[in-house]
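S.K.: I am attaching a structure below and will ask some questions about it afterwards.
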Amino acid sequence: MIIYGINPVRESLVSNRIQISAIYFSTDKLGFESKGLPVFRKSRDFIGKLTGTSSHQGIAAEIGEFPYESERSILALSKPQVNLVMLDRVNDPHNLGAVIRVCDGAGIDAVIIGEKFGTGVTSTVFKTSAGAAAHVPIVRSQSLAGITEQLLKADFTVFSVENGMEAISLSDANAHLSTRNLFIFGSEGEGISRSLLRKSHHIVTLPMRGHVNSLNLSTSVAASLYSLFNEKTVKE
């Protein structure tokens, strides 16, 4: 896998999750030469052909396959506070990358995506995340319903953010937060599948006071997480 852009490459260099095998650059040196990695100065045209885009900022790196985390690893998390985000049927890599960036900023412990439906982590996801994909553990599950069942058995409280007749407000949801929470978001087109909604303890809606009836995915995730995570609900 090829990643590109200054922030994605820089964050991968400081992450212990990403193994870079080679770096290609046409810009001024950025200090990565001291890492002992193979470094090659190439033209911008070469890097453009390598990455398939003109927005590479003059730098690219080879990282091999993206290192997804196992389901077992998140079930084994033993922190005093564990917060997970699940994305159901998110097909746009730009949406996935933007959500990963939000989750990194909000301190989410892992992002769970589906293997059968939805995009995986691609070069575009890495770039859109501004390098956050190098830090946030990402699980690609064969069955989102199956891993949700496992999380329920592990005493996670499950929130699905979706408009509906039975939905509660963010302020009401705040009172139901526990020390182990799973927040589920769906794609802008299809929303959250019924199988996941049925497994949720709470359906949560975002207040919409304007003329359109929804937010884009990353904005919805950001509004939800930052509204729910305050000094009273997040333990340091």
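Bear in mind these aren't lab numbers, they're just calculated from the coordinates by the rules spelled out. Remember, predicted model here, so these are calculated numbers, not experimental data. Note: ideal-geometry Cβ built from the backbone for every residue, glycine included; neighbour counts use all protein chains shown.
S.K.: Give the shape of segment 71-228 as rounded, prolate or oblate, defined through the alpha-carbon gyration tensor: a ≥ b ≥ c are the square roots of its eigenvalues, a/c under 1.5 means rounded, and otherwise the shape is prolate if a/b is larger than b/c and oblate if not. Can you show the working numbers first?
M.R.: Values: a/c = 1.36, a/b = 1.07, b/c = 1.28.
Rounded.
S.K.: If a/c stays under 1.5 just call it rounded; otherwise compare a/b with b/c (prolate if a/b is bigger, oblate if not). Do that for segment 2-62, with a ≥ b ≥ c from the square roots of the Cα gyration tensor eigenvalues.
M.R.: Cα axes put segment 2-62 in the prolate bin.
S.K.: Under a point spin-label approximation (7 Å from Cα along Cα-to-Cβ), what is the Lys79-Leu37 distance to one decimal in nm?
M.R.: For Lys79 paired with Leu37, the spin-label model returns 2.5 nm.
S.K.: Once a ≥ b ≥ c are taken as the square roots of the eigenvalues of the Cα gyration tensor of segment 136-236, is the result rounded (a/c under 1.5), prolate (a/b larger than b/c) or oblate (a/b not larger than b/c)?
M.R.: oblate
S.K.: Still on this structure: Please work out the Cα center distance from segment 72-134 to segment 45-61, rounded to the nearest Å.
M.R.: Value for the Cα centre distance between the two parts: 24 Å.
S.K.: Another question about this same structure. Net charge near Leu152: determine it from the other residues with C-beta under 12 Å of the C-beta of Leu152, scoring Lys and Arg +1 and Asp and Glu -1.
M.R.: Details: positive: Lys153, Arg180, Arg198, Lys199; negative: Glu149, Asp155.
Summing Lys and Arg as +1 and Asp and Glu as -1 gives +2.
S.K.: When the helices in the chain are scored as -39500 (n - 2.57) per DSSP H run of 4 or longer and the sum is shared across all residues, what 222 nm value do you end up with, to the nearest 500 deg cm²/dmol?
M.R.: -8500 deg cm²/dmol
S.K.: State, as an integer percentage, the relative contact order of the chain based on alpha-carbon contacts under 8 Å between residues 6 or more apart.
M.R.: Over the chain, the number comes to 21 percent.
S.K.: Further question: Report the net charge of residues surrounding Gly131, where surrounding means a beta-carbon distance below 11 angstrom and charges are Lys +1, Arg +1, Asp -1, Glu -1.
M.R.: Numbers: positive: Arg10, Arg101, Lys127; negative: Glu11, Asp104.
Spelling it out: positives minus negatives among the neighbours equals +1.
S.K.: If you plug each phi of segment 189-204 into the Karplus form 6.51 cos²θ - 1.76 cosθ + 1.60 with θ = phi - 60°, what whole-Hz ³J(HN,Hα) values come out, in order, with x for Gly and Pro?
M.R.: x, 9, x, 9, 5, 4, 5, 7, 4, 5, 8, 7, 6, 9, 9, 10
S.K.: Right, next: Full-extension gain between Asp172 and Phe117, please, as 0.36 nm times their residue separation minus the C-alpha to C-alpha distance.
M.R.: Going from the current span to full extension adds 16.7 nm.
S.K.: Add +1 for every Lys or Arg and -1 for every Asp or Glu among the other residues with Cβ under 11 Å from the Cβ of Leu196, and state the total.
M.R.: Details: positive: Arg89, Arg194, Arg198, Lys199; negative: Asp88, Glu149, Glu162.
Neighbour charge sum, excluding Leu196 itself: +1.
S.K.: Also, quick follow-up: Between Ala22 and residues 5 or more places away or on another chain, which pairs have amide H atoms under 5 Å apart, with H built 1.01 Å from N, and which residues are they?
M.R.: Placed amide hydrogens put Glu62 under 5 Å from Ala22.
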